[in-house]
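Input: a single structure, listed below in structure tokens.
What follows is calculated from the coordinates using simple rules that are stated; it is not laboratory data. Nothing here was measured: the structure is a model prediction, and the numbers come from that model. As a convention, Cβ positions derive from the backbone with ideal geometry for all residues, glycine included, and neighbour counts pool all protein chains shown.
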Amino acid sequence: MIILDSIAAMQQQARDWRRAGEQIVFVPTMGNLHAGHIALVEAARSQAEHCVVSIFVNPGQFGPEEDFATYPRSFDADCGKLKAAGVDCVFAPSTEAMYPEGKDACTSIMVPGISDVLEGEHRPGFFTGVATVVNKLFNCVRPDIAIFGEKDFQQCLVIQRMVRDLDLSVKIVTLPTVREADGLALSSRNAYLNAEQRQIAVRLSICLGRLVAAIHQPGEINFAVIHASQELEQQGFEVDYVVIRRQRDLQVPAASDTALVALAAVRLGAIRLIDNVPFILENA
Ligand code: PAF
């Protein structure tokens, strides 16, 4: 497994593979890898000759009050896991390499509409930071295919929309959320949970599961959402949002929409957790 920290070296490696007629599959990450990332890598490996994983904690997607400085970093352990998973290349540029004049001086990509709701409302600028860095990473790695986890459901839609709008020549593949045995969605930020918070955290996925099970027709959505929000608060969360939206654009569903998703963001003290459950309304 090769480890590259220079953008020029990554671009040269991608050129060499492409010249040889070989395809590249790419999994972008911010490191601190867990089984969810490794599931993406394992699915990636069968899709192309070469699998590249980036490790870059992107300052552009953290707000001033957020955890950029303390975000868990575990580069050596991450590389060990990626080598064991059969990755060809780790791309790990420095912040200075990616943003030589600082992130705020960098050209940015704003994906309208889909970036403005839910996470976008609660984390202003977040999706501009994500779209900008993913575009930059695509320009370094030049992938044929890129793989993202549906745990970040809205992020997947933002990336798909950016690829479509900017005519980028990369296929986006999204894969279902990986969960702990009790249902908690895997996330690097789960590392912040103490034992008591970990016991509460699992109730987020349980509550979303109950919310989805309670909805059989569009007329039941509002009541079920209010009930879910109250239940989450009773369980000890502060609720940023819990909603049912349509899968394709996260807008409020019309009566005819059947492909829906339950999404929630909650806080346990300073720790913010998100989760989602996509579902089809069979009886609509
Ligand atoms: O999902 C993540 O880990 C990040 O948002 C990503 C896609 C690696 C961009 O920094």
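General observations
- Considering (1) on the phi > 0 side of the Ramachandran plot; (2) within 14 Å of the ligand (Cβ to nearest atom), the lone condition that G86 does not fulfil carries the number (2).
- Residue count, segment 3-32 (criterion: over 16 Å from V178 (Cβ atoms), in contact with a Leu (Cβ under 7 Å, 6 or more places away or on another chain) and within 16 Å of the ligand (Cβ to nearest atom)): 2
- Taking segment 204-284 and the strands (runs of 3 or more DSSP E) fully enclosed by it, no element has 2 or more residues that are under 24 Å from Q160 (Cα atoms) and in contact with a Cys (Cβ under 7 Å, 6 or more places away or on another chain).
- Matching residues, segment 78-122, being among the polar types (S, T, N, Q), surrounded by fewer than 20 Cβ atoms within 10 Å (Cβ to Cβ) and assigned to a loop (DSSP other than H, G, I, E, B): S94, T107, S108
- Residue count for segment 172-195, restricted to those that are under 24 Å from V261 (Cβ atoms) and within 16 Å of the ligand (Cβ to nearest atom): 13
- Any hit, segment 89-110, residues being more than 13 Å from the ligand (Cβ to nearest atom), under 30 Å from Q251 (Cα atoms) and among the hydrophobic types (A, V, I, L, M, F, W, C): yes
- Scanning segment 123-148 for residues that are among the small types (G, A, S) and surrounded by fewer than 23 Cβ atoms within 10 Å (Cβ to Cβ) gives G125, G129.
- Within segment 213-224, the set of residues being out of contact with any helix residue (DSSP H, G or I) (no Cβ under 7 Å at 6 or more places or on another chain) and buried (at least 18 other Cβ atoms within 10 Å of the Cβ) comprises P218, I221.
- Members of segment 33-77 found to be away from the ligand (no atom under 13 Å from the Cβ), closer than 20 Å to A9 by Cβ and surrounded by 18 or more Cβ atoms within 10 Å (Cβ to Cβ), listed by number: A48, H50, C51
- Applying a threshold of 6 Å to beta carbon distances and a minimum spacing of six or more residues, or different chains, the list of pairs starting in segment 249-269 at a residue that is among the small types (G, A, S) and ending at one that is assigned to a loop (DSSP other than H, G, I, E, B) reads A259/Q247.
- When residues of segment 17-32 are limited to those that are touching a residue at least 60 places away in the same chain (Cβ under 8 Å) and surrounded by fewer than 21 Cβ atoms within 10 Å (Cβ to Cβ), the one nearest to A92 (Cα to Cα): M30
- Tallying residues that are among the β-branched types (V, I, T), assigned to a helix (DSSP H, G or I), under 17 Å from V53 (Cβ atoms) and within 11 Å of the ligand (Cβ to nearest atom) within segment 131-162 yields 3.
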